[in-house]
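Have a look at the structure below, then the notes.
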Amino acid sequence: MKLFDVYPLNNITIISAKGSYVWDQGGVQYLDMYGGHAVISIGHTHPHWVKRIEDQLEKIAFYSNSVVIPIQKELADKLGRLSGKEDYQLFLCNSGAEANENALKLASFYNGRKKIIAFRKSFHGRTSLAVAATDNPSIVAPVNETDNVIFLPFNDEEALKACFAEQGKEISSVIIEGIQGVGGINLANESFLQLIRSLCDEHGAVYIADSVQCGYGRSGKFFAHDFAGVNADIYTMAKGMGNGFPVAGILIAPKIQPKHGMLGTTFGGNQLACAAALAVLEVMEEEQLIENANTNGGYLMEQLKAIPELKNVRGRGLMIGFDLPEELKDLKKKLLFDFKVFTGEAKPNVIRLLPSLALSKKQIDEFLTSLTEAIDELKGQPNA
Ligand SMILES: Cc1ncc(COP(=O)(O)O)c(C=O)c1O
């Protein structure tokens with residue numbers, strides 16, 4: 001049987017990994033500044049994470065949500081404490097799209113409304129509502145098309161006010177990434193998030209903070225949305241939550257009350273996924289990885305800003321992007337194949353850096369050396 005060929009692949013086979021490095025089958029080492037698409041939060045194959053999963057596996061990997069699963073409560077308590085949202089409620093699922101799907105659905109159950117406000121360049125996933133709220137028509141199938149999603153320009157306060165003034169009674173939710181990832185590392189303005197909060201309060205709409213990519217400490221705060229100093233009603237989480245183990249969830253404000261059968265999933269919250277997620281939080285706390293993302297991310301950003309060829313260096317913590325001039329459009333490939341460094345990209349010419357939150361200053365310097373050499377080579381000025 002053939003694989004369904006939907007991914008444009010780099011011809012590299014990674015067979016092992018440790019911290020911020022991965023190795024291919026020929027033993028070649030790569031520095032991972034991409035974190036397997038922002039997924040690696042505590043570092044590849046962290047020993048505590050491996051041990052916790054192994055120990056859990058020997059006891060029980062899965063039993064359904066028809067019985068009491070104490071490790072879910074343990075995870076909820078730890079997550080509440082580290083995120084500072086102790087009074088929120090946790091619903092566990094399996095992927096970022098599923099988290100957003102549940103958030104949008106829950107908002108609609110809550111206020112009985114249908115309209116969703118989303119923003120230009122957003123990415124919320126590929127399932128039905130999540131993809132309908134994603135600003136990329138090429139991945140929206142005809143069956144996903146709906147009039148219920150209104151797209152507004154990102155950070156445009158006047159457009160948001162006008163939309164609420166006109167359709168406020170119909171708006172169920174506003175969904176926004178604190179830092180747009182797939183869209184190219186675009187930061188939501190603090191005043192924009194504050195305005196979303198106040199308009200949602202005024203009109204009975206639900207503020208959904210898509211934290212699938214920018215959350216879980218990556219920005220230097222637990223949620224990138226926290227920089228605005230206001231709470232969302234629902235936070236969606238996935239990528240960094242399991243450090244590569246598939247686990248996702250939503251944090252739900254106390255005012256949204258559960259009802260049996262309202263949401264559900266077979267695999268969500270299974271014992272093994274919870275063990276992986278707990279291991280991530282334990283390491284984040286023990287190794288102070290949010291602080292590390294803040295400090296080392298700040299250092300990396302400062303150094304990148306000093307490289308004149310890189311335009312519009314932006315981001316927070318270890319979620320950083322910059323624009324490339326036309327002459328450097330092959331930088332990502334050059335870094336990967338000639339300098340053995342993984343980075344991410346966004347179309348047309350943006351490099352995205354989404355490394356493990358445990359990335360060290362030494363590894364940052366290693367990256368910067370490769371980056372400047374790659375730039376020189378692309379400009380036809382090899383280092384002496
Ligand atoms: C902000 C954001 N939301 C949702 C998703 C979808 O997550 P998943 O691929 O786990 O369904 C992504 C994935 O890149 C994302 O970046």
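Determine the distance separating the Cα centre of segment 253-307 from the Cα centre of segment 149-174; give it in Å without decimals.
Taking the Cα centre of each part, segment 253-307 and segment 149-174 sit 29 Å apart.
Using a Gaussian network for the chain with springs between C-alpha atoms less than 10 Å apart, which of these wobbles most: Asn270, Asn100, Asn136?
Asn136
When the helices in the chain are scored as -39500 (n - 2.57) per DSSP H run of 4 or longer and the sum is shared across all residues, what 222 nm value do you end up with, to the nearest 500 deg cm²/dmol?
It comes out at -11000 deg cm²/dmol, rounded to the nearest 500.
Kindly identify the chain as rounded, prolate or oblate by the Cα gyration tensor criterion: order the square roots of the eigenvalues as a ≥ b ≥ c, call it rounded if a/c is under 1.5, otherwise compare a/b with b/c, prolate if a/b is larger, else oblate.
oblate
Counting other beta carbons within 10 Å of each Cβ, put His225, His46 in order, fewest first.
The most exposed by this proxy come first: His46, His225.
How high is the relative contact order of segment 1-146? Use alpha-carbon pairs under 8 Å, at least six apart in sequence, and give a whole percent.
Averaging sequence separation for qualifying contacts and normalising by length gives 11 percent for segment 1-146.
Please compute the contact order of the chain in relative form: average sequence separation of alpha-carbon pairs under 8 Å and at least six residues apart, divided by the residue count, as a percent.
22 percent
Have a look at Val22, Val131, Val143 and tell me which one the Gaussian network model of the chain (Cα, springs below 10 Å) gives the largest fluctuation.
Result: Val143 has the largest fluctuation of those listed.
Quick one: if the Förster radius is 45 Å, what FRET efficiency do Asn189 and Asp338 give, using the C-beta to C-beta distance and rounding to 0.05?
The calculated FRET efficiency here is 0.75.
What size of dipole, in debye to the nearest 20, comes out for segment 48-286 about its Cα centre when the only charges are +1 on Lys and Arg C-beta atoms and -1 on Asp and Glu C-beta atoms?
340 debye
Summing +1 for each Lys or Arg and -1 for each Asp or Glu, what net charge is found among the other residues whose Cβ lies under 11 Å from the Cβ of Val22?
That works out to 0.
Which of Leu300, Thr236, Leu371 sits closest to the plus end of the dipole of the chain, meaning its Cα is farthest towards the positive end, when Lys and Arg get +1 and Asp and Glu get -1 on the C-beta?
Thr236
Of all DSSP beta bridges located in segment 48-286, what percent are antiparallel, nearest 5?
40 percent
Among rounded, prolate and oblate, which fits segment 231-280 when a ≥ b ≥ c are the square roots of the eigenvalues of its C-alpha gyration tensor, a/c under 1.5 means rounded, and a/b larger than b/c means prolate?
Here segment 231-280 falls in the oblate category.
Once you've got the GNM for the chain with C-alpha springs shorter than 10 Å, pick whichever of Asp323, Asp32, Asp201 has the biggest mean-square fluctuation.
Among Asp323, Asp32, Asp201, the largest GNM mean-square fluctuation belongs to Asp201.
Going by how many other beta carbons lie within 10 Å of each one, how would you line up Ser172, Ser95, Ser211, fewest first?
Sorted ascending by nearby Cβ count, the order is Ser95, Ser172, Ser211.
Using the Kyte-Doolittle scale, which helices in the chain average at least 1.6 and also have C-alpha atoms spread 24 Å or more along the helix axis, with helices defined as whole DSSP H runs?
none
State the extension gain, in nm to one decimal, for the chain segment bounded by His48 and Ala61, taking 0.36 nm per residue of separation less the distance between their alpha-carbons.
Full extension of this stretch gives 2.9 nm more.
Please work out whether segment 1-129 counts as rounded, prolate or oblate from its C-alpha gyration tensor, where a ≥ b ≥ c are the square roots of the eigenvalues and a/c under 1.5 means rounded, while otherwise a/b larger than b/c means prolate and anything else oblate?
It is oblate, given that a/c is not under 1.5 and a/b is not larger than b/c.
Bear in mind that the values in this text are calculations on the coordinates, not laboratory data. No experiment lies behind these values; they were computed from the predicted model shown. FYI the Cβ positions are ideal-geometry reconstructions off the backbone, even for glycines, and counts take in every protein chain you see.
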